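**Student:** Starting off with a structure, shown below.
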Amino acid sequence: MADEPGQPPALTNLSLAEQAPEVETKQATGQIVTPFDVSGGVDESGKLLPVDYNKLVQQFGASPLTPDILERFERVTGHRPHRYMRRGIVFSHRDLSKILDCHEQGKPFYLYTGRGPSSDSMHLGHTGPFEFTKWLQDVFDVPLVIMMTDDEKFMHSQKIEIEDAKRYTKANVRDIIAVGFDMKKTFIFSDFEFVGGAFYENICRLAKRITINQIRGTFGFNDSNNIGEFHFCATQSATAFATSFPHIFGNDHKKAAKIPCLIPCAIDQDPYFRQCRDYAEKMKYKKPSLIHSIFLPALQGPGSKMSASIDSSAIFMNDTPKKIKDKINKFAFSGGGASAELHRENGGNTKVDVPFQYLTFFLEDDEELERIRVSYEKGEMMTGELKKRCIEELQAYVVGFQERRGKVTDEIVAEYMRARPLEWNGNPNPVQPEKK
Ligand code: TRP
């Protein structure tokens, strides 16, 4: 979509400050990352290439998550950065330091994330970002809003009817609650149910400013996209303004206008918020800050992401332990040698090995992960052993998840989705700016 011939080049409508520098696109001309299309492209021989995240950060004009900012994160929050941050899974950001300033000084902010409900069960690639968001909520002790974009899925898909999208929303909200969000601090909403009032006013404030040209450039749409797809861009961004939620942030518009948010999201969602950031200040709101993650690779390997509509590409949160085992053994792309002998001789390639990649996402213990990496690369640990360790870890994670999900009743779902005041404490020991 984005860089097709005959389309205006993507990224031409950003403000100067966010205008990305020209980037070399020789090696991976086919790389496409928009909210609707993710592919690392193919090389001259037709081989699938992994997504080049460094290039993407550059192209999008975001900032890499450097050791400096991680160090400040730890200092300000008193928490060691999450394993995703330590391992480059959460790898870039926009204005994270502004959120750290707020936390340090005890000023209010909130977290915003979302999910486009497109199937009955979420998969591992979906729950990962929510796990990370829960961790941020625990660390910062702030309100979180979770947007279920059932309208987006309806407008973007030929197959999904409104009833389907609403059913997926209810099922996915159960999955999301099973991640463990604190109910007192979390509001989950469906666009079909919640659009209206102050939220709709913000959608319109944005919709009035965004032009068709800008959407074409940022999302790679053309004249065949329906008008709902164009308009939805304003809907997703309106959640980034605290004034959309008077039941959480109060009816004082001026006061709520000063409350910024931090959006943890996969990098493909960046185009929405890049556009939102271009208008926020013109609307007398704060620009949202972002923290981006890479995708969990599909079982078939780097260069693609898990897909809810392709069963063999993903581990679903309702897969049985046996199914998980079979999928890893049968489909997971291996970086091991072609034969046991070759493997012992040359070692395995952990960079493309899917079971190793999954352990990088899910295994908490840094030392064990490093032991596995060294041993596999040396050819001491065999592919079968690595897969076995990966299967154990994923089975334990999915079983724990299913136990929690089993306890989520209709009443609990309804309570998370009720527009109500939230309770939070923020930083218990803020520093006054002048004393810094
Ligand atoms: N568009 C996203 C999807 O299709 C859902 C979403 C809405 C979202 N708001 C978000 C994701 C904010 C991350 C952060 O899944």
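**Student:** State whether one or more residues within the range 226-242 are of a type in the set (Val, Ile, Thr), more than 16 Å from the ligand (Cβ to nearest atom) and touching a residue at least 60 places away in the same chain (Cβ under 8 Å).
**Tutor:** no
**Student:** Restricted to the range 170-201, and to residues that are among the polar types (S, T, N, Q) and in contact (Cβ under 8 Å) with a residue 60 or more places away in the chain, which residue is farthest from ARG405 (Cα to Cα)? Break it down stepwise before answering.
**Tutor:** From the range 170-201, those among the polar types (S, T, N, Q) are 172, 186, 190; that's our starting set.
Applying the additional criterion that residues be in contact (Cβ under 8 Å) with a residue 60 or more places away in the chain yields 186, 190.
Numbers: THR186: 17, SER190: 19 Å.
That would be SER190.
**Student:** Report the residue count in the range 61-77 for those that are in a helix (DSSP H, G or I) and in contact with a Lys or Arg (Cβ under 7 Å, 6 or more places away or on another chain).
**Tutor:** Let us first name the residues in the range 61-77 that are in a helix (DSSP H, G or I), namely 67-77.
Pick out the ones that are also in contact with a Lys or Arg (Cβ under 7 Å, 6 or more places away or on another chain) and you get 74.
Residues meeting the conditions: 1.
**Student:** Follow-up. Would you mention how many residues in the range 215-240 are surrounded by fewer than 18 Cβ atoms within 10 Å (Cβ to Cβ) and in a helix (DSSP H, G or I)?
**Tutor:** Residues meeting the conditions: 4.
**Student:** Do you know which residues across the range 382-436 are in contact with a Pro (Cβ under 7 Å, 6 or more places away or on another chain) and surrounded by fewer than 14 Cβ atoms within 10 Å (Cβ to Cβ)?
**Tutor:** VAL399
**Student:** Moving on to the next point. Would you confirm whether or not the range 308-320 contains a residue that is touching a helix residue (DSSP H, G or I) at 6+ places or on another chain (Cβ under 6 Å), over 30 Å from SER157 (Cβ atoms) and either of a type in the set (Phe, Trp, Tyr) or touching a residue at least 24 places away in the same chain (Cβ under 8 Å) (or both)? Steps first, answer last, please.
**Tutor:** From the range 308-320, those touching a helix residue (DSSP H, G or I) at 6+ places or on another chain (Cβ under 6 Å) are 312, 315, 317; that's our starting set.
Filter again for over 30 Å from SER157 (Cβ atoms), leaving none.
No, the range 308-320 has no match at all.
**Student:** Something else about it: I want to confirm something. Restricting to the range 96-115 and keeping residues that are in a strand (DSSP E or B) and of a type in the set (Phe, Trp, Tyr), which single residue is nearest to the chain's Cα centre (by Cα)?
**Tutor:** TYR112
**Student:** Let me ask something additional. Suppose we filter SER118, SER92 for residues that are within 15 Å of the ligand (Cβ to nearest atom), buried (at least 22 other Cβ atoms within 10 Å of the Cβ) and part of a loop (DSSP other than H, G, I, E, B); which single one remains?
**Tutor:** Within the list SER118, SER92, the selection yields SER118.
**Student:** Residues that are more than 15 Å from the ligand (Cβ to nearest atom): which helices (runs of 4 or more DSSP H) entirely in the range 128-200 hold 3 or more of them? Outline the logic, then answer.
**Tutor:** On the way: elements: 150-156, 162-178, 191-194.
Once the helices (runs of 4 or more DSSP H) in the range 128-200 are filtered for at least 3 residues that are more than 15 Å from the ligand (Cβ to nearest atom), what remains is 162-178.
**Student:** When you scan the range 246-294 for helices (runs of 4 or more DSSP H) that lie fully inside it, which ones turn up with 3 or more residues that are surrounded by 20 or more Cβ atoms within 10 Å (Cβ to Cβ)?
**Tutor:** The qualifying helices (runs of 4 or more DSSP H) are 270-280.
**Student:** Among (1) closer than 20 Å to PHE36 by Cβ; (2) at pLDDT 95 or above; (3) surrounded by 15 or more Cβ atoms within 10 Å (Cβ to Cβ), where does ARG205 come up short?
**Tutor:** Only one criterion is unmet by ARG205, namely (1).
**Student:** Return the residues of the range 40-59 that are outside any loop (DSSP other than H, G, I, E, B) and within 16 Å of LYS351 (Cα to Cα); say none if nothing qualifies. Steps first, please.
**Tutor:** Taking the range 40-59 as the starting set, the residues that turn out to be outside any loop (DSSP other than H, G, I, E, B) are 42, 48, 53-59.
LEU48, TYR53, ASN54 - these are the residues of the range 40-59 that are outside any loop (DSSP other than H, G, I, E, B) and within 16 Å of LYS351 (Cα to Cα).
**Student:** Would it be correct to say that GLN357 is out of contact with any strand residue (DSSP E or B) (no Cβ under 7 Å at 6 or more places or on another chain), crowded, with 16+ Cβ neighbours inside 10 Å and not hydroxyl-bearing (Ser, Thr, Tyr)?
**Tutor:** no
**Student:** Now for a different question. Among the residues of the range 95-115, write down those that are within 16 Å of the ligand (Cβ to nearest atom), more than 21 Å from PHE187 (Cα to Cα) and not aliphatic (A, V, I, L, M).
**Tutor:** Residue satisfying the conditions is ASP95 alone.
The values are calculated or read from the model by the stated rules, or taken from the named source; none is laboratory data. Just so it is clear, the structure is predicted and the values come from calculations on it, not from any experiment. Neighbour counts are summed over all protein chains in view; Cβ atoms, including those assigned to glycine, are modelled from backbone coordinates with ideal geometry.
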